[in-house]
1. Can you tell me which residue in region 329-359 is surrounded by the most Cβ atoms within 10 Å (Cβ to Cβ), limited to those that are under 30 Å from residue 448 (Cβ atoms) and charged (D, E, K, R)?
2. Looking at region 395-410, can you tell me whether even one residue there is touching a strand residue (DSSP E or B) at 6+ places or on another chain (Cβ under 8 Å) and either outside the structural domain of residue 260 (by TED's automatic domain parsing) or part of a loop (DSSP other than H, G, I, E, B) (or both)?
3. Can you tell me which residue within region 127-154, out of those that are touching a helix residue (DSSP H, G or I) at 6+ places or on another chain (Cβ under 8 Å) and among the polar types (S, T, N, Q), is nearest to residue 20 (Cα to Cα)?
4. Please go through region 98-120 and pick out each residue that is in a loop (DSSP other than H, G, I, E, B), surrounded by fewer than 15 Cβ atoms within 10 Å (Cβ to Cβ) and modelled with pLDDT under 80.
5. Failed condition for residue 169, given (1) open to solvent by 40 Å² or more (accessible area, probe 1.4 Å); (2) under 24 Å from residue 46 (Cα atoms); (3) not assigned by TED's automatic domain parsing to the domain that holds residue 361, with all others met?
6. Do you know which of the residues in region 17-66 that are in a strand (DSSP E or B) and of a type in the set (Lys, Arg) is most open to solvent (accessible area, probe 1.4 Å)?
7. Residues in region 366-386: is at least one modelled with pLDDT of 90 or more, farther than 19 Å from residue 182 by Cα and among the aromatic types (Phe, Trp, Tyr)?
8. Could you please tell me which pairs satisfy a Cβ distance under 7 Å, a separation of 6+ or placement on different chains, a first residue in region 135-155 that is of a type in the set (Phe, Trp, Tyr), and a second residue that is open to solvent by 30 Å² or more (accessible area, probe 1.4 Å)?
Amino acid sequence: MGDTVDDDSLYTIKEGDYVVLKRGDVFKAVQIQTKKKVVFEKQWFFLDNAVGQLYSTTFELASGGILQPRKPKDPECSTDTKGAGTDNRNIQDDGKSQKLTRDDIETLKEQGLKGQEIIQQLIDNSSTFKDKTEYAQDKYIKKKKKKYENIVTILKPSCRILAMMYHGREPGKICHLRYDTLAQMLTLANIHANSKVLVFETCAGLVLGSVMERMGGFGSVIQMYPGGGPVRAGVESFGFPAHFHDMLHEFPICHLNALIAGTLDTTAKDLSADLKESDMAAEVKTEAEVKTEAEQKGSPEEQSMETNSGAHESLVPKKEDEEEKRREAKAQEKKVKQEEKRKKLAAAASLLEGRDADGLVIASRFNPCPVLMALLKFLSPSRPFVVYSQYKECLIECYTKLKEQGGTVNLKLTDYWLRHYQVLPNRTHPVLLMSGGGGYLLSGTTVAAERSKPAASRRDEEPAAKRQKVTETEG
């Protein structure tokens, strides 16, 4: 029974969970917090009533921003179409067919009519609806439902849903990575549990979160990041449990050459930070000295004013003591953060020193060629790697360099094509609008490079040539 309860809790919305709101083809990632107003598609509401409900539940928006679970549809209460015409040739789109005005529709909303009832009123007051074909009527009803039905579906985050959300709202943040291309990356890199994977990405943490989701919390992921720190906004949207983050390590790409050369010292502190702290302390000291000298060299008038305001002077040392305590607390907090950063660096470096990673995934807006050449040294033989780029030119450069250098086989440079289809009775056809491109992927497998031997040693290993037997003939 305990297992069933745990399984049920996985599909139940709880306070603090990260969820994805869906309305039509629009998605938004939010966190469940009580009494917090959420704005989605020009409407605001509260998510308090969603707690305890199952994922993929559809809610209706009531007055006051309250969510109510949507009741199952009654087939008898469906929209009454009152017959259909044969064609649309005599219908003119002049804007005069609808008798209800915008003010009338707002009045219906104020009276408490829901979306289905408003749509029925629009159908009844349309002079051309009955003359439209059955397909045109379905299209009209679908369009009005999208506009007047205030419904929201709450979904559990996954790599597919989040990839669709980012690609639809902010594709530039994920380098225009499409969800089908992301699926191919996870497949080509052979991401699975209990493996060690290197990830270098600048896609807001989407690729990193997808790798962690596929591994299920088992194994280790080493994130190679540029700049001052890793970006993990997309990882937070997945809402992973705490033990998932234990498998995640980080290593700055700027220290990669030192690690390869064996000169990386993980025990030393950050000298630049120490220098900055000493400079700040010196500046504070000089400012204090200037203040004391000014006080000592004050004029008699100032001294007389000071004697008159003795109570005010007694407050100044207290303020200075508080400021010193704040500085000390900040300095202590900074030291703790530096120590944590140093420990993380040492842990990631120890994982990389074995050079036995099981996979490599690169998806970056930078030129991937130098990063790929450096990180391939940390892969074991017969391990897959995959590189994504929005442009094929930089991947062609990687392809040619890998061919010249050797050590890799099964190199493939591919692009992917995706098109949606509308599947309806008697009107199944490709959707007119489609994605122009999903980027390019370079994939391959590492092999153990055979070291070239000198010519002298090769001659020694070669077997001696056999002598040809000569038969003696009598003269």
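The values are calculated or read from the model by the stated rules, or taken from the named source; none is laboratory data. Remember, predicted model here, so these are calculated numbers, not experimental data. Every residue, glycine as well, gets a Cβ built from its backbone with ideal geometry; the counts of neighbours run over all protein chains shown. Keep in mind that these areas ignore ligands, DNA and RNA; they rest on the heavy atoms of the full protein, side chains included. Shrake-Rupley method; radii C 1.70, N 1.55, O 1.52, S 1.80 Å.
1. In the first step, residues of region 329-359 are kept if they are under 30 Å from residue 448 (Cβ atoms); the result is 345-359.
Next cut, charged (D, E, K, R) only: 353, 355-356, 358.
Values: 353: 12, 355: 11, 356: 13, 358: 20.
Among those that are under 30 Å from residue 448 (Cβ atoms) and charged (D, E, K, R), it is 358.
2. Filtering region 395-410 down to residues touching a strand residue (DSSP E or B) at 6+ places or on another chain (Cβ under 8 Å) leaves 395-396, 398-399, 402-403, 407-410.
Subsequent filtering for residues that are either outside the structural domain of residue 260 (by TED's automatic domain parsing) or part of a loop (DSSP other than H, G, I, E, B) (or both) retains 407.
The answer is yes, given that some residue of region 395-410 is touching a strand residue (DSSP E or B) at 6+ places or on another chain (Cβ under 8 Å) and either outside the structural domain of residue 260 (by TED's automatic domain parsing) or part of a loop (DSSP other than H, G, I, E, B) (or both).
3. Narrowing region 127-154 to residues touching a helix residue (DSSP H, G or I) at 6+ places or on another chain (Cβ under 8 Å): 129, 132, 137, 140-141, 144-145, 148-151, 154.
Now narrow it down to the ones that are among the polar types (S, T, N, Q): 137, 150.
Details: 137: 31, 150: 17 Å.
Looking at the filtered set, the residue picked out is 150.
4. At the first step, the residues of region 98-120 found to be in a loop (DSSP other than H, G, I, E, B) are 99-101, 111-114.
Pick out the ones that are also surrounded by fewer than 15 Cβ atoms within 10 Å (Cβ to Cβ) and you get 99, 101, 111-112.
Across region 98-120, the qualifying residues are 99, 111, 112.
5. (3)
6. 37
7. Within region 366-386, one or more residues are modelled with pLDDT of 90 or more, farther than 19 Å from residue 182 by Cα and among the aromatic types (Phe, Trp, Tyr).
8. 135/427; 140/132
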